[in-house]
Amino acid sequence: MKKIIVLGGSNSKKSINKTLAIYAANKIGNAKIIVADLNDFDLPLFGVDTEIENGIPKDAQRLNKLLASADGLVISLAEHNGSYATAFKNAFDWLSRINQKVWKNKPMLLMATSLGARGGETVLQSAKMSFPYLGGNIIADFSLPSFNDNFSEKGITNEELKTDLNQKIQLLQKAI
Ligand SMILES: Cc1cc2nc3c(=O)[nH]c(=O)nc-3n(C[C@H](O)[C@H](O)[C@H](O)COP(=O)(O)O)c2cc1C
């Protein structure tokens with residue numbers, strides 16, 4: 001059985017990105033899904049002085065180990081002002097101080113969703129550019145626009161978007 005780490009790039013308790021990432025990961029066959037909730041990792045605000053004074057936080061090491069144990073990653077990024085949500089960027093920066101290959105070449109489905117019509121496309125593009133330099137092995141990417149219009153408790157309601165995501169999940173399945 002393959003181990004999939006699911007990460008919502010947000011610390012919102014009701015994160016729509018966490019919801020989307022869990023939904024997508026649950027469609028992967030023969031997989032054990034482990035959700036890495038950023039709220040469960042106690043990470044001070046990254047700064048080079050904090051790092052010199054206190055070293056790398058234990059929870060950054062813990063998150064790093066969790067990522068290292070994965071066969072595949074399903075990540076969905078929240079977009080705040082066109083960029084990463086603070087909690088995600090903070091974790092990302094700490095992780096990069098442990099190992100520059102943050103994503104460890106694990107096959108990754110990279111997504112974003114937002115309440116707006118662009119579906120977090122800006123942060124998604126940014127991650128698509130930078131992750132490959134940080135050990136990112138992006139197998140497929142997907143953006144879900146207007147989350148409230150396209151997602152219900154049954155999952156993605158728009159057939160075209162649903163088919164698109166299902167095909168991308170199949171690509172990840174083949175890669176893990
Ligand atoms: C500070 C802040 C900035 C935001 N900036 C954007 C943005 O640039 N683009 C966008 O589509 N939505 C933006 N939003 C709305 C988010 O898409 C929405 O809050 C979404 O629920 C975030 O994902 P999450 O629920 O996974 O945290 C912003 C929200 C906040 C709180």
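The values are calculated or read from the model by the stated rules, or taken from the named source; none is laboratory data. Not measured: the values here are computed from a predicted model. Note that we place each Cβ from the backbone using ideal geometry, even for glycine, and neighbour counts take in every protein chain shown. Only protein heavy atoms, including side chains, enter the accessible area calculation; ligands, DNA and RNA are left aside. Shrake-Rupley method; radii C 1.70, N 1.55, O 1.52, S 1.80 Å.
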Handout entry: Relative contact order (percent, whole number), region 1-144, Cα cutoff 8 Å, 6+ residue spacing
Key = 26
Practice task
May I ask for the longest run of the chain untouched by trypsin sites (Lys or Arg not before Pro) that are loop-located per DSSP and have at most 10 neighbouring C-beta atoms (other than their own) within 10 Å?
Solution key: 15-153
Completion exercise
For residue 65, the lysines lying under 25 Å Cα to Cα, once residues fewer than eight places off in the same chain are dropped, come out as 2, 3, 13, 18, 27, 32, 89, 101, 104, 106, 128, 174
Fill in the blank from the handout: Here the percent of antiparallel bridges among DSSP beta bridges lying wholly in the chain, to the nearest 5, is 15
Practice task
Could you pull out every residue, at least 5 positions away or on a different chain, whose amide H is within less than 5 Å of the one on residue 35? Hs are placed 1.01 Å off N in the peptide plane, and Pro or chain starts have none.
Solution key: 6
Exercise for the section: Measure off, as a whole percent, the carbon and sulfur share of the 1.4 Å-probe accessible area of the chain, all protein chains present. Expected result: 48
Problem - Environment charge of residue 32, counting only residues whose C-beta is closer than 13 Å and scoring Lys/Arg +1, Asp/Glu -1 - result: +1
Practice task
Find how much the distance from residue 167 to residue 40 grows on full extension, using 0.36 nm per residue of separation minus their present alpha carbon separation; answer in nm with one decimal.
Solution key: 42.6 nm
Practice task
Determine by what factor the alpha-carbon radius of gyration of region 42-144 differs from 2.2 N^0.38 Å, reporting the quotient.
Solution key: 1.08
Problem - Rounded if a/c under 1.5, otherwise prolate or oblate - region 1-96, Cα gyration tensor axes - result: oblate
Problem - Size-normalised alpha-carbon gyration radius of the chain, reference 2.2 N^0.38 Å - result: 0.98
Handout entry: Size of electric dipole in the chain: Cβ of Lys, Arg +1 and of Asp, Glu -1, about Cα centre, debye, nearest 20
Key = 620
Practice task
List, in order, the whole-Hz ³J(HN,Hα) value for each residue of region 87-92 obtained from phi through the Karplus relation with A = 6.51, B = -1.76, C = 1.60 and θ = phi - 60°; use x for Gly and Pro.
Solution key: 4, 5, 4, 5, 4, 4
